[in-house]
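First the structure, in the form of structure tokens, and then the observations on it.
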Amino acid sequence: MPRRSLSGWRATALAGVAVLQIALVLASSGRAPADGLPAPRPAEDSSSQGPDVAAHQLPGTWLREQAAEGVQASRWLHLELDGAFREKVRIVGAGGAVTEQEHAGAWFYDGTNLKRKYTLMDGRPPSRLRLPFATFEIRFESRDEFVGIDHIHRHTVRYRRVPPGTGL
């Protein structure tokens, strides 16, 4: 019996789910998007929203900034409508040295968690033995800002929406 690639199946399923969620949100809103993207609905807290509304707000470009001990890190995360993502990381060390990395993969939202499976780490496929996967429980504070909670590593991050293509 031929062996099928489970990862290829998952990627196809994830992309299909993301497209279906977006189609459902567009159909229920009754409004056509002006720029090809669904118009975000205002929201204060994702706990009071259904998963479709939160999934509807995620596509776009998001910025996460951190600073500690003289090191500044910026992460631009671009979530595509089709379930793909790109991430650019820029780290400026205390001495001014700059390191940049670019990652890519597939994302999906399960109604509570934003999940990302990395297929490229700094332009190269990651080891099959240690496939990177990031999961954050998210809560929207506004349509342009969300907080992500990483329950595994026990830290909280904040992303804010930026204009498309910023930093990428």
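Observations, loosely collected:
- The label-point distance for Leu81 and Arg143, in a model that sets each label 7 Å from Cα toward Cβ, rounds to 1.7 nm.
- Charge dipole of the range 106-155 about the Cα centre (unit charges at C-beta), most positive-ward option of Leu131, Leu114, Ser142: Leu131
- ³J(HN,Hα), Karplus 6.51/-1.76/1.60, whole Hz, each residue of the range 64-73, x for Gly, Pro: 10, 10, 9, 9, 7, 6, x, 9, 10, 10
- Assigned charges on the beta-carbon of Lys, Arg, Asp, Glu; the range 64-168 dipole about Cα centre (debye): 200 debye
- Tensor-based shape of the range 79-168 (alpha-carbon gyration tensor, a/c under 1.5 rounded, otherwise prolate or oblate): rounded
- Calculated FRET efficiency for the pair Val71/Arg158, C-beta based, R₀ 22 Å, to 0.05: 0.80
- Loop-resident sites, the range 62-168, for GluC sites (Glu not before Pro), counting at most 13 other Cβ within 10 Å (DSSP): Glu69
- Scaled radius of gyration (Cα, divided by 2.2 N^0.38 Å) that the range 116-168 gives: 1.39
- Residue list for the range 96-112, given a label point 7 angstrom along the Cα-to-Cβ vector of His151 and an amide N cut-off under 16 Å: 109-112
Since every read-out is calculated from the coordinates, none of them should be taken as a lab result. Everything quoted here is computed from the prediction, not taken from an experiment. Heads up, the Cβs are rebuilt from the backbone with ideal geometry, glycines too, and the neighbour counts pull from every protein chain shown.
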